[in-house]
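First comes the structure, then the notes that go with it.
The values are calculated or read from the model by the stated rules, or taken from the named source; none is laboratory data. Computed from a predicted model, the values in this text were never measured in an experiment. FYI the Cβ positions are ideal-geometry reconstructions off the backbone, even for glycines, and counts take in every protein chain you see. To get the accessible areas, we keep the full protein, side chains included, count just its heavy atoms, and leave off ligands, DNA and RNA. Shrake-Rupley method; radii C 1.70, N 1.55, O 1.52, S 1.80 Å.
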Amino acid sequence: MASITFKGGPVTLLGQEVKVGDKAPEFTVLANDLSPVTLADSKGQVRLISVVPSIDTGVCDAQTRRFNEAAAELGNVKVLTVSVDLPFAQKRWCAAAGIEQVQTLSDHRDLSFGEAFGVAIKELRLLARAVFVVDSNDEVTYVEYVSEATDHPDYDAAIEAAKAAK
């Protein structure tokens, strides 16, 4: 299992660690309008999945904005940001931030995504910062579990991986 800290303290991740070459696990999260969204809903597309603890914090804000900017150069890649923030908060934040290229998704209801991808932080009921690229055949082609949840991911590596995925 990935070893993660949050503000320097170790935390426990629930679920299974996802590795490059794995078939991406299925999950159900909520869109901003409360409709369910699953991995299968974007079948046949490359997906860059950006995972953040809370959209309302500085690093999470910057991460979502960075991937929103990159979405234009990624062409047919679907960019998803997953957190446990309520869908209403995600919608409000996106409107205020002018985020239009990234789909924000909420895992607040049952941590389906968090447990499927091994990013649910048991002690905090938040998601650990991570980035995954899933190709059009649902194979995981890139994984980064950020070792300190308050640090930035490797944006360039994730974007290049998304560009390379088919």
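In debye, nearest 20: dipole of the range 111-166 around its Cα centre with unit charges on the Cβ of K, R (+) and D, E (-)? Walk me through the intermediate numbers first.
Working: 5 positive and 11 negative charges, 39 e Å.
Charge dipole, the range 111-166, about its Cα centre: 180 debye, nearest 20.
Counting lysine pairs in the chain whose alpha carbons fall under 18 angstrom apart, excluding pairs fewer than 8 residues apart on the same chain, gives 11.
Using the heavy atoms of the protein chains alone and a 1.4 angstrom probe, what is the accessible area of the range 110-155 per residue in square angstrom? Working shown, then result.
Working: 1620 Å² over 46 residues.
On a per-residue basis, the range 110-155 sits at 35 Å².
Less than 5 angstrom separates the built amide H of Thr81 from those of Ser50, Gln103, Thr104, Leu105, all sequence-distant by 5 or more or on a different chain. Database remark: amide H of Glu148 closer than 5 angstrom to the amide H of Thr5 (H placed geometrically; neighbours at sequence offset of 5 or more, or on other chains; Pro and chain starts carry no H). The range 1-61 and the range 106-162 have Cα centres spaced 4 Å apart.
With θ taken as phi - 60° and the Karplus curve 6.51 cos²θ - 1.76 cosθ + 1.60 applied, the whole-hertz 3J(HN,Hα) list for the range 9-19 is x, x, 10, 9, 9, 8, x, 9, 5, 9, 10 Hz, x standing for glycine and proline.
Could you list the residues of the range 37-69 with an amide nitrogen less than 17 Å from a label point located 7 Å from the Cα of Ala95 in the Cα-to-C-beta direction? What the label zone holds, given the 17 Å backbone N cut-off, is 56.
Rounded to the nearest 0.05, what FRET efficiency do Ala31 and Glu160 have when you use their Cβ-Cβ distance and R0 = 41 Å? Mind dumping the intermediate values first?
Numbers: r = 28 Å, r/R0 = 0.68.
With a Förster radius of 41 Å, E is 0.90.
Amide H contacts under 5 Å for Asp138: Gly44, restricted to partners 5 or more places along the chain or on a different chain, H placed in the peptide plane at 1.01 Å from N.
Note on Phe88 and Leu124: the extension gain reaches 10.9 nm, defined as 0.36 nm multiplied by sequence separation minus the Cα-Cα distance.
Going by the alpha-carbon gyration tensor, a ≥ b ≥ c the square roots of its eigenvalues, is the range 1-50 rounded (a/c under 1.5) or, if a/c is not under 1.5, prolate (a/b greater than b/c) versus oblate?
Working: a/c = 2.62, a/b = 1.56, b/c = 1.68.
Because a/c hits 1.5 or more and a/b fails to exceed b/c, the range 1-50 counts as oblate.
Between the labelled values [x] 64; [y] 39; [z] 47, the entry that holds percent of Cα pairs over 21 Å apart as derived from this structure is [y].
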